[in-house]
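The values are calculated or read from the model by the stated rules, or taken from the named source; none is laboratory data. No experiment lies behind these values; they were computed from the predicted model shown. For neighbour counting, all protein chains shown are included, and Cβ atoms are generated from backbone atoms with ideal geometry for every residue, glycine included. Surface areas here come from the heavy atoms of the whole protein model, side chains and all, with no ligands, DNA or RNA. Shrake-Rupley method; radii C 1.70, N 1.55, O 1.52, S 1.80 Å.
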2 protein chains.
Amino acid sequence: MKNDLTTEQKIKAAAREVFIAKGFAACSTREIAKVSGMNVALVNYYFRSKTELFKLVFQDAMEEFVNSMVEVFSSDKSLEDKIRLLIEQEYEFLSRHPELPGFIVNELHREEGYEVDGSYFEKLLNTGIVEECQRACAAGKMREIDLISLTLLIMSNCDFPFMSKNLMKGIHKLSNDAYENQLNTHKKIVTDMLVSYLFPQKSI
Amino acid sequence: MKNDLTTEQKIKAAAREVFIAKGFAACSTREIAKVSGMNVALVNYYFRSKTELFKLVFQDAMEEFVNSMVEVFSSDKSLEDKIRLLIEQEYEFLSRHPELPGFIVNELHREEGYEVDGSYFEKLLNTGIVEECQRACAAGKMREIDLISLTLLIMSNCDFPFMSKNLMKGIHKLSNDAYENQLNTHKKIVTDMLVSYLFPQKSI
DNA sequence: AACAGTTTTAAACAAGTGTTTAAATCAATC
DNA sequence: GATTGATTTAAACACTTGTTTAAAACTGTT
């Protein structure tokens, strides 16, 4: 098993599992302790408080979430290929961490609570993607669009399909497997739609 | 104020407010009682339990959520206009109930818990929209797309921008007002993108 | 083997949880 | 005005919560 982990690591791993699955409010320190196989007191011994432990878990989640995008923008492909690659990679990443966007979005929602540490995103902005988009727009290679809407377009079409799994399964009466398949075909649709919207073919 | 409401109604209204704002787990019956201005025991007197009360609130939310779409599909406009109108109306509805999709998606997520009562969606299917789409596809008026992906496309691009408000505000360091404005311009983008994807211009 | 420091434990703490009880208040009927 | 029923109340219930305590067990060093 994972007996090579330290107690501290075991607790943090368990906390991540439980926090992401049920959210901050819906789980207890005792549950985290039980999942980690450790004593309740150890949670506070290593992490001071449930809240402090949550902050760590949330930060990690946020970093993973953002990092999955940074690589792509750092590559030296064309802008169109970057978008294609980004969607591809996001769907791959989210297949492995399907609960992550829901976790982040939801915990950010609960009473303005955990503010977003902007530093996560500076990394993303430092890839030069913003300037690249501006240049592409100016050169007429890409549709004029502000960065916020671009972010929204991509995240909406990548994250929401994973977040809304149970809702979609309910609406269309789908099994787990059926929905996984659906996600795969949806990825292609989203790629087509976004690329053809952002990089319209010139009419002759 | 709203003193014309019965005690039962006051409690249910308060429960809705608190449940939607913080989620089932993060709020207590005492908080609901306090917000409603009533005694704790009355919550159980009228609704048997916190869980039972939640089910009522969730059902109502679900119904509102779905009803906002049914009207549009029942109208006698062209399919393209229905899509346009649907997006328009969804953004308008979500401006008034911005926390609704997040509430639904998130509470459905928590441990497979509340299954989706399919009956909500039968109403939607009974509008004949499915057949209309199939006919439009067959006639080449609309891109071939399955109903699930169509649902996903529309909901992703309508709901996610509202659900991710705090995340987006954090990423792009926006004020509340700035984000409200952003939502307005995003609505147009989404409409353009979806319509031109679903109803592509024939190449000459 | 004795010590010091860290790690782990069971137990306790006060505060908060959902829910119930039994008495008090209210409203309407006779 | 007494009686019945529904409504409201404060108090209590047993249990869970996050956190702390103080003792135990373990570690490595002398």
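What number does region A:71-151 give for Rg over Rh if you use C-alpha atoms and the Kirkwood radius?
For region A:71-151, the value is 1.02.
Protein chains only, probe 1.4 Å: how do B:PHE73, B:PHE160 rank by accessible area, largest first?
Final ranking, largest accessible area leading: B:PHE73, B:PHE160.
Could you sort B:ILE145, A:ILE83 by accessible area so the largest value comes first, with the probe set to 1.4 Å?
The ordering from most to least exposed comes out as B:ILE145, A:ILE83.
From the phi angles alone, apply the Karplus equation (6.51, -1.76, 1.60; θ = phi - 60°) to region B:71-87 and give each ³J(HN,Hα) in whole Hz, x where the residue is Gly or Pro.
Listing the rounded values in order: 3, 4, 5, 7, 6, 10, 7, 5, 4, 4, 5, 5, 5, 4, 5, 4, 4 Hz.
Provide a list, ordered by number, of residues in region A:19-36 showing at least 10 Å² less accessible area with every protein chain present than when their chain is taken on its own, using a 1.4 Å probe.
A:ALA21, A:LYS22, A:ALA25, A:ALA26
In percent, how large is the relative contact order of region A:1-116, given Cα pairs closer than 8 Å and 6 or more residues apart?
The normalised contact order for region A:1-116 reaches 24 percent.
With a 1.4 Å probe, how much accessible area is buried between chains B and A, both sides summed, in Å² to the nearest hundred?
4600 Å²
With a 1.4 Å probe and every protein chain kept in, tell me what percent of the accessible surface of region B:55-198 is carbon plus sulfur.
Carbon plus sulfur share of accessible area: 48 percent.
Quick one: how many Å² of A:SER28 are accessible to a 1.4 Å probe, rounded to 10?
Solvent-accessible area, nearest 10 Å²: 50 Å².
For region A:11-59, which trypsin sites (Lys or Arg not before Pro) pass both filters: DSSP loop (anything but H, G, I, E, B) and at most 16 other C-beta atoms within 10 Å?
When the trypsin sites (Lys or Arg not before Pro) of region A:11-59 are filtered for loop state and at most 16 Cβ neighbours within 10 Å, A:ARG48 remain.
Give the carbon-plus-sulfur fraction of the accessible surface of region A:1-48 in %, rounded to a whole number; probe 1.4 Å, heavy atoms of protein chains only.
Its accessible area is 50 percent carbon and sulfur atoms.
Once the label point is set 7 Å along the Cα-to-beta-carbon vector, what list of distances in nm do you get between B:ARG135 and its counterparts in the other copies?
Listed shortest first, these distances are 5.1 nm.
State, to one decimal in nm and shortest first, how far the label point of A:HIS97 sits from each corresponding label point in the other identical copies (label point: 7 angstrom along Cα-to-Cβ).
Its label point is 3.2 nm from the equivalent points in the other copies.
Measure off 7 Å from each Cα along the Cα-to-Cβ vector at A:GLU8 and A:SER196, then give the distance between these two points in nanometres to one decimal.
Distance between label points: 5.4 nm.
As a test of the formula, what do you get for chain B when each DSSP H run with n ≥ 4 contributes -39,500 (n - 2.57) and the sum is divided by the residue count, at 222 nm and rounded to the nearest 500 deg cm²/dmol?
-23500 deg cm²/dmol
Hey, rough spin-label estimate for B:GLU17 and A:ASN126, points 7 angstrom out along Cα→Cβ, what's it come to in nanometres?
So the label points at B:GLU17 and A:ASN126 sit 4.5 nm apart.
Let me check against my output: what whole-number percent is the relative contact order of region A:1-48, with C-alpha pairs under 8 Å and at least 6 apart?
37 percent
For chain A, calculate the relative contact order in percent as a whole number, restricting contacts to Cα pairs under 8 Å that are 6 or more residues apart.
So the answer I get is 20 percent.
In Å², what does the accessible area per residue of chain A work out to with a 1.4 Å probe?
Here the residues of chain A average 50 Å² of exposed surface.
Which residue, A:LEU124, A:LEU147, A:LEU79, tops the fluctuation ranking in a GNM of chain A built on C-alpha contacts under 10 Å?
A:LEU147
Hey, with R₀ at 45 Å, roughly what FRET efficiency would B:GLU64 and A:ARG135 work out to, going by the Cβ-Cβ distance, to 0.05?
0.50
What does the copy distance list look like for B:TYR45, label position 7 Å along Cα→Cβ, in nm and ordered from shortest?
Label point to label point, same position, other copies: 4.9 nm.
For a quick check of understanding: with a 1.4 angstrom probe and all protein chains in place, what accessible area in square angstrom does A:THR151 have, to the nearest ten?
30 Å²
Could you state the number of Å between the C-alpha centres of region B:148-204 and region B:69-103?
Here the answer is 13 Å between Cα centres.
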